[in-house]
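*Asks:* Sharing a structure below in structure tokens format, with a few things to ask.
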């Protein structure tokens, strides 16, 4: 499938170290080689870096690995295509503007029989099931808050998004991250882990690369951040697995909403297209 | 104000050489130091690179200068702020999705008394007059083609966009570039130049850097491309100035529509905020 990474922080923080480990899963330690993307929020500003090359080889990923970009919220994705070609238009995170905020969405899973209906104002640019899900999600948000002139805050958004993600998760596995730059909304169908860091900050050791970092000198004593990833990014830290059906909201580095959707079930993971498997194995040999 | 660069090509082409010269105007040969951005289209896929640092110093701009990204349409901008802070949210090109295509917009000029009205579905994320103009433009496109399920092609879009840009240009100077990845739409109020390249391709010499390139070996005999820029990017090529009120459409490297809006006039250029002038002079000293 794919893998996800996210970060929420009460101050702006760089995720260079985490992305170093995460991007190795795009061809080096795992075969998510069909593109990658990362969104960095700085206030209302949102910058998205994407490439349809494997994250472990992409020169743009190397730029992101070696240039710290301080952000309050980060959403990243390495792709293993199940639906949709390997193409820039199919790289996550996808983005749309709503009520003056840029929303981004990244997804891991395989959703079936899901197509953005004609009433949806947001129309997919690419051909993934994920972008269809995002367009449906944004369409339902727009409809629910249709009389608003100002963007609703997370406390109003949380129950609405919890219901929407629960519905979408009936179509297949919906491990997803969504943000408007303020809150980070996540839903887990099968696999998602989180760890919250605060003073005293640990030495962190990456799972995917032979790298250790003392996070103490990089952070102020008041800094609080939560990292999320499909699989834990570091050893020796207390990563917690989210449950099937868990919907969480993180604001300024901390979980502020946690809800379990009992209807959500974990679907068996679809077998990828043999051609794509073949490409992945070629890539694995090549690296 | 700002400066614009654009490219339309019948095959995918890299604009590394042109951007090398253009980005020098972000602090080296001119004082457009308040951020920059460039959008690259590859089919329906659109990747936007942006930074609020001066283009001549930004490490991301250096990445773009040194890594050829082949594209069918390019829209780039270096910013000298007149309205709106120096911030990622205020960097051009802006982008919105409409009917499954990503639209980008970049603007040079100063528009007065222009605010996206409440009926506009697209709402500015940042605080520039340019993004307000873009939201109004997209709102009028959405309204004009409101019964469509499929995106209209350039031949239908051209007269509608010509009328919209003519209206917007009543509020101030509207030198702008707009694209859906297929056509490149431009409007000139005061300053915009174009050159079309085809076989035999020339040796090109940059205005802003001591660089010369033989374009022959880089292009196939059938390649045709048009480059646009606020001021010519190269010496020894037949750059042509667009006229005040000229609205043009370029598809696959060639001008396919040209119209003169007689109501458009050139406004006197506004004097920038003294603080911004000061920052620019500091930058000029620093480089």
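The values are calculated or read from the model by the stated rules, or taken from the named source; none is laboratory data. None of the values given here were measured: they were computed from a predicted structure. As a convention, Cβ positions derive from the backbone with ideal geometry for all residues, glycine included, and neighbour counts pool all protein chains shown.
*Asks:* Condition check: within 11 Å of chain A (Cβ to nearest Cβ), part of a helix (DSSP H, G or I) and either touching a helix residue (DSSP H, G or I) at 6+ places or on another chain (Cβ under 6 Å) or surrounded by fewer than 18 Cβ atoms within 10 Å (Cβ to Cβ) (or both). Does residue B:150 satisfy that?
*Replies:* Values: within 11 Å of chain A (Cβ to nearest Cβ): yes; part of a helix (DSSP H, G or I): no; either touching a helix residue (DSSP H, G or I) at 6+ places or on another chain (Cβ under 6 Å) or surrounded by fewer than 18 Cβ atoms within 10 Å (Cβ to Cβ) (or both): yes.
For residue B:150, the condition - within 11 Å of chain A (Cβ to nearest Cβ), part of a helix (DSSP H, G or I) and either touching a helix residue (DSSP H, G or I) at 6+ places or on another chain (Cβ under 6 Å) or surrounded by fewer than 18 Cβ atoms within 10 Å (Cβ to Cβ) (or both) - is not met.
*Asks:* Looking at this structure, is residue B:179 over 16 Å from residue B:8 (Cβ atoms), in contact with a strand residue (DSSP E or B) (Cβ under 9 Å, 6 or more places away or on another chain) and modelled with pLDDT of 95 or more?
*Replies:* On the way: over 16 Å from residue B:8 (Cβ atoms): no; in contact with a strand residue (DSSP E or B) (Cβ under 9 Å, 6 or more places away or on another chain): yes; modelled with pLDDT of 95 or more: yes.
So residue B:179 does not fit the description; no.
*Asks:* When only residues in the stretch A:5-30 that are buried (at least 22 other Cβ atoms within 10 Å of the Cβ) and touching a helix residue (DSSP H, G or I) at 6+ places or on another chain (Cβ under 9 Å) count, which is farthest from residue B:71 (Cα to Cα)? First the steps, then the outcome.
*Replies:* In the first step, residues of the stretch A:5-30 are kept if they are buried (at least 22 other Cβ atoms within 10 Å of the Cβ); the result is A:5-9, A:13, A:15, A:18-19, A:21-27.
Then drop every residue that is not touching a helix residue (DSSP H, G or I) at 6+ places or on another chain (Cβ under 9 Å), which leaves A:5, A:7, A:15, A:19, A:23, A:26-27.
Details: A:5: 29, A:7: 32, A:15: 30, A:19: 27, A:23: 25, A:26: 24, A:27: 25 Å.
Checking each candidate, the answer is A:7.
*Asks:* Now for a different question. Residue B:72 fails exactly one of the following numbered conditions: (1) within 10 Å of chain A (Cβ to nearest Cβ); (2) surrounded by fewer than 24 Cβ atoms within 10 Å (Cβ to Cβ). What is the number of that condition?
*Replies:* Unmet condition: (1).
*Asks:* Here's a follow-up. Mind checking which residues of the stretch B:97-123 are touching a residue at least 24 places away in the same chain (Cβ under 8 Å), within 11 Å of chain A (Cβ to nearest Cβ) and under 23 Å from residue B:78 (Cα atoms)?
*Replies:* B:102, B:103
*Asks:* Next question, about the same structure. State the number of residues belonging to the stretch B:240-265 that are surrounded by fewer than 17 Cβ atoms within 10 Å (Cβ to Cβ) and closer than 15 Å to residue B:4 by Cβ.
*Replies:* Residues that pass the stated criteria total 1.
*Asks:* Return only the number of the condition from (1) farther than 27 Å from residue A:249 by Cβ; (2) within 13 Å of chain B (Cβ to nearest Cβ) that residue A:30 does not satisfy.
*Replies:* Of the numbered conditions (1) farther than 27 Å from residue A:249 by Cβ; (2) within 13 Å of chain B (Cβ to nearest Cβ), the odd one out for residue A:30 is (2).
*Asks:* Next question, about the same structure. Answer yes or no as to whether residue B:132 is modelled with pLDDT of 95 or more and over 20 Å from residue A:123 (Cβ atoms). It would help to see each step written out before you state the result.
*Replies:* Values: modelled with pLDDT of 95 or more: yes; over 20 Å from residue A:123 (Cβ atoms): yes.
Yes; evaluated as a whole, the condition is true for this residue.
*Asks:* Provide a single number: the residues in the stretch A:127-147 that are crowded, with 22+ Cβ neighbours inside 10 Å and within 13 Å of chain B (Cβ to nearest Cβ).
*Replies:* Matching residues across the stretch A:127-147 total 6.
*Asks:* Residues that are over 22 Å from residue A:60 (Cα atoms) and more than 14 Å from chain A (Cβ to nearest Cβ): does the stretch B:41-60 have at least one?
*Replies:* Within the stretch B:41-60 (the criterion being over 22 Å from residue A:60 (Cα atoms) and more than 14 Å from chain A (Cβ to nearest Cβ)), the answer is no, since none of the residues qualifies.
*Asks:* Right, here's the next one. Please verify whether the stretch B:83-95 includes one or more residues that are in contact (Cβ under 8 Å) with a residue 40 or more places away in the chain, more than 9 Å from every other protein chain (Cβ to nearest Cβ) and farther than 26 Å from residue A:103 by Cα.
*Replies:* Within the stretch B:83-95, none of the residues are in contact (Cβ under 8 Å) with a residue 40 or more places away in the chain, more than 9 Å from every other protein chain (Cβ to nearest Cβ) and farther than 26 Å from residue A:103 by Cα.
*Asks:* Among the residues that make up the stretch B:173-181, is at least one of them within 13 Å of another protein chain (Cβ to nearest Cβ) and under 20 Å from the mean Cα position of the chain (by Cα)?
*Replies:* Yes, some residue in the stretch B:173-181 is within 13 Å of another protein chain (Cβ to nearest Cβ) and under 20 Å from the mean Cα position of the chain (by Cα).
*Asks:* Residue by residue through the stretch A:153-180, note down the ones that are part of a loop (DSSP other than H, G, I, E, B) and crowded, with 23+ Cβ neighbours inside 10 Å.
*Replies:* Passing the criteria: A:173, A:174, A:180.
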